Amino acid sequence: MRVVYLNPCGPMGGAEMSLLDLMASVRAAEPSWQLALVLGEDGPLAEKAKAAVVQTIVAPFPRALARLGDSGSGPARALWSALRAAFGTIRYASKLRRILAELQPDILHTNGFKMHVLAAWARPENAPLIWHVRDYASTRSLMRRLLRLSAGRCSVAIGNSLSVATDIQKVCPQLETLCVYNAIDLKRYSPLGEKMDLDALSGLAPAPAGTVRVGLAATLAHWKGHAVFLRALARLPQDLPYRAYVIGGALYQTANSQRTLDELRALAAALGIADKVGFTGYIADTSGAIRALDVLVHASTQPEPFGRVIAEGMACGRAVICSAAGGAIELIEEGRNALTHPPGDHETLAARIADLVRDPELRARLGRAGRITAERRFERSRLAEEVIPLYLRLTGHLAPQTEPRLAATR
Ligand code: GLC
């Protein structure tokens, strides 16, 4: 069996970490299979995939295609950038068609909207295509249309949560759609292991003993809620013994999709909390950073498709506060293994942070329950158990009725 994965970006965001986990899981379950990865951009994912014994081919996107993005932009602007990218994209699709023809895949498995569409048109006719959808398509004016146009050339869509699977069903009603929750490396994301020195990383003096560390770990995408987090901190009583951290940096090339750390520093200063917040910048292995926290905050202002960091925080036995919308709420049970706040509601978030800073027992209880949940639901070997039967079915090696039941949306 030869499975070819395709991903637009090279840096390690949540979608890339999840793809790497998927490939590692399939690799461990089927050591003799040939796995290949085609990347639209060079970056750390290429090296990591090679280390996971995956043949890796970098075929860089033309610049206009790399920067093309319609999240949050209106239809007119999206159409304009699409037109600008069109010529290069058509040439790129022919190049991809040649690469795929040479690789002779039995299965194509794409990660990311641009690759879903490109692979639909560049795939060898006999290779079934699986779209692994990790974001909401219905809110993307351009992608929504392109996916609908291409859906007939795709065999199955996988959503990273039921919420995302339901969304893709709305956009492509004819397409068979399944849900496969992400999973993570539970040995790396564990309560045991070294803790990073977040103060040193942020250029701050060591915090006094007894300080409770509260952090938001995310890419700098606008909707990840950094401003909500900072506004919540600004509402906390001055004498509350906490220190906060913004963990992460700008990652992706897509135009206008991210904040800058300088903007966030300026906001912290304007809110009068500059001395309470450290900015670590990008961290390649977040497990040691998450372990160094007492409270992990997830504050996305829009429904979070899955929210890998929530699973990572629970797996590290941290107390997690999560923004209650989208796939994120499918991962947790309010009050038992995490606390929640409504998206964008900095006042409620402040109250939750204050509760946790004051109550070590509550933190410990949530952390223990979180680890148990992670072991039950996010063990990485599950990914292979879910996708391999699908690969076998699509290539005619397994009758549909023998495939373990996945959570289908219909
Ligand atoms: C995307 C989603 C995020 C999810 C990740 C992995 O980055 O925005 O919610 O955790 O993919 O599936």
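Among the residues of region 308-317, is any within 14 Å of the chain's Cα centre (by Cα) and away from the ligand (no atom under 11 Å from the Cβ)? Taking every residue of region 308-317 in turn, at least one turns out to be within 14 Å of the chain's Cα centre (by Cα) and away from the ligand (no atom under 11 Å from the Cβ).
Scanning region 1-39 for residues that are out of contact with any helix residue (DSSP H, G or I) (no Cβ under 7 Å at 6 or more places or on another chain) and within 16 Å of the ligand (Cβ to nearest atom) turns up GLY13, ALA15, LEU19, ALA24.
Return yes or no: is GLY43 touching a Gly at 6+ places or on another chain (Cβ under 6 Å), on the phi > 0 side of the Ramachandran plot and within 16 Å of the ligand (Cβ to nearest atom)? Yes: the conditions hold for GLY43. Screening region 194-216 for residues that are touching a strand residue (DSSP E or B) at 6+ places or on another chain (Cβ under 6 Å) and outside any strand (DSSP E or B) and picking the one that is farthest from PRO241 (Cα to Cα) gives LEU201. The test for being away from the ligand (no atom under 16 Å from the Cβ), modelled with pLDDT of 95 or more and under 27 Å from TYR5 (Cα atoms) holds for ILE388. The residues on offer are LEU216, LEU261, LEU220, LEU251, and the sole one that is modelled with pLDDT of 95 or more and not assigned by TED's automatic domain parsing to the domain that holds ALA78 is LEU216.
Looking across region 131-146, just one residue is more than 12 Å from the ligand (Cβ to nearest atom), touching a residue at least 40 places away in the same chain (Cβ under 8 Å) and among the charged types (D, E, K, R), and that is ARG140. Being on the phi > 0 side of the Ramachandran plot and either in a loop (DSSP other than H, G, I, E, B) or within 15 Å of the ligand (Cβ to nearest atom) (or both) is a condition met by at least one residue of region 250-267.
Per-residue answers, yes or no, for (1) more than 30 Å from THR373 (Cα to Cα); (2) surrounded by fewer than 20 Cβ atoms within 10 Å (Cβ to Cβ); (3) out of contact with any Cys (no Cβ under 9 Å at 6 or more places or on another chain); (4) in contact (Cβ under 8 Å) with a residue 60 or more places away in the chain:
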{"residue": "ASN182", "(1), (2), (3), (4)": "no, no, yes, yes"}
{"residue": "LEU198", "(1), (2), (3), (4)": "no, no, yes, yes"}
{"residue": "LEU233", "(1), (2), (3), (4)": "no, no, yes, yes"}
{"residue": "ALA250", "(1), (2), (3), (4)": "yes, yes, yes, no"}
{"residue": "ALA284", "(1), (2), (3), (4)": "no, yes, yes, yes"}
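Can you list residue pairs whose Cβ atoms sit under 7 Å apart, with the first residue in region 20-40 being farther than 24 Å from TYR92 by Cβ and the second being charged (D, E, K, R) and part of a loop (DSSP other than H, G, I, E, B)? Count only pairs 6 or more apart in sequence or on different chains. Hits for this filter: ASP21/ASP185; ASP21/ARG380; ALA24/ARG380; SER25/ARG380. When region 268-296 is filtered for residues that are within 16 Å of the ligand (Cβ to nearest atom), farther than 18 Å from PRO191 by Cβ and not in a loop (DSSP other than H, G, I, E, B), nothing remains.
The values are calculated or read from the model by the stated rules, or taken from the named source; none is laboratory data. Everything quoted here is computed from the prediction, not taken from an experiment. For neighbour counting, all protein chains shown are included, and Cβ atoms are generated from backbone atoms with ideal geometry for every residue, glycine included.
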